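These notes are about the structure you will find just below.
The values are calculated or read from the model by the stated rules, or taken from the named source; none is laboratory data. Here the structure is a predicted model, which means the values were calculated and not measured. Note that each Cβ is placed from the backbone with ideal geometry, even for glycine, and that neighbours are counted across all protein chains shown.
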């Protein structure tokens, strides 16, 4: 096996017998050799040729201390020394069961005096163990004290009826009809950064100034076709019943005349305005299905609004509202060229059961 020569200060060759060299070369060639062993074998083979530690590190893209470590391990133990990892510190399995239980109980049912939650270091100090031990115990039991998720239980008096209605539309849509999930993303800001950012490169992410210049806002009205995944979208300067009626007319024009239109939407005042009710009263093919209050997660268009925010708006740079609207329109157009519908799986009974368990836990 030949290795290309690399410039660097020549070091003393690593002492190695012919049998040892053949063994290491066989490990490098074998497809079943663990990659960590292959790397260590290559370090030793290059070192045996007289390569400097820095040259070996650069060639194999490792640190110089790593090269020195495996040179020393090979010198002391031969090929066997680079096959087996050195023993590590104590693991959760090595701790007494009572101690592991004590750490878990403290994590779940107590907090530090000076903080709202435990960190691996504060817990390690309190329990007299290493921070790595605490981390391994937390990982093994799926505990992440540094994280918290928000929630809100709906207090809608007609929650069950509305939930059953909406989920029923998802799981068993009516014949000769289109099901649309409708919502608005209001006050979408056209933000421009105060200074140009730096592009991403190897070892560094792209940069963007923390401050920005506001160049106006727009309101995105979106209707997601549940079956196809396509979106009807329009941007308006304001968010009133006037704009909502304009959007309903857009939906009316875009849906075939022989199909009923079932719309899933929230209880925002604009959707129940007398002008809207009067307009819908003259168009019997429109059927509205309202989600319960504080249950926006039932509306699948929220998934689309989250996608466009994350992928196109949040990190976008817009010098005007017109640029922002053009970017939104382009995203919707590309989405509709290759749509991917969001599929609803949960049945109403499953959701109600989960909410009942959640209420029981929070009640205690």
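Values computed for the structure shown
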item: Members of region 115-151 found to be without any contact (Cβ under 8 Å) to a residue 40 or more places away in the chain, within 26 Å of the chain's Cα centre (by Cα), surrounded by 12 or more Cβ atoms within 10 Å (Cβ to Cβ) and not in a loop (DSSP other than H, G, I, E, B), listed by number; result: 120, 134, 135, 138
item: Subset of region 274-290 that is in contact with a helix residue (DSSP H, G or I) (Cβ under 8 Å, 6 or more places away or on another chain) and exposed (fewer than 15 other Cβ atoms within 10 Å of the Cβ) - its residue that is farthest from residue 168 (Cα to Cα); result: 275
item: Region 307-327: number of residues that are farther than 12 Å from residue 192 by Cβ and more than 25 Å from the chain's Cα centre (by Cα); result: 3
item: Given (1) over 32 Å from the mean Cα position of the chain (by Cα); (2) exposed (fewer than 15 other Cβ atoms within 10 Å of the Cβ), index of the condition residue 238 fails; result: (1)
item: Number of the condition not met by residue 154 [criteria: (1) in a loop (DSSP other than H, G, I, E, B); (2) surrounded by 14 or more Cβ atoms within 10 Å (Cβ to Cβ); (3) in the same structural domain as residue 264 (by TED's automatic domain parsing)]; result: (3)
item: Hey, residue 90 modelled with pLDDT under 90 and either surrounded by 12 or more Cβ atoms within 10 Å (Cβ to Cβ) or part of a helix (DSSP H, G or I) (or both) or not; result: yes
item: Residue selected from region 209-234 under the condition touching a helix residue (DSSP H, G or I) at 6+ places or on another chain (Cβ under 6 Å) and more than 27 Å from residue 169 (Cα to Cα), by the criterion surrounded by the fewest Cβ atoms within 10 Å (Cβ to Cβ); result: 216
item: Selected residue [in a helix (DSSP H, G or I) and under 30 Å from residue 191 (Cα atoms)] from 351, 328; result: 328
item: Verdict on residue 257 being farther than 25 Å from residue 297 by Cα, modelled with pLDDT under 95 and more than 33 Å from the chain's Cα centre (by Cα); result: yes
item: Exclusive hit being surrounded by 12 or more Cβ atoms within 10 Å (Cβ to Cβ), assigned to a loop (DSSP other than H, G, I, E, B) and at pLDDT below 95, set 206, 197; result: 197
item: Where residue 149 falls short, out of the listed (1) modelled with pLDDT under 90; (2) more than 27 Å from residue 356 (Cα to Cα); result: (2)
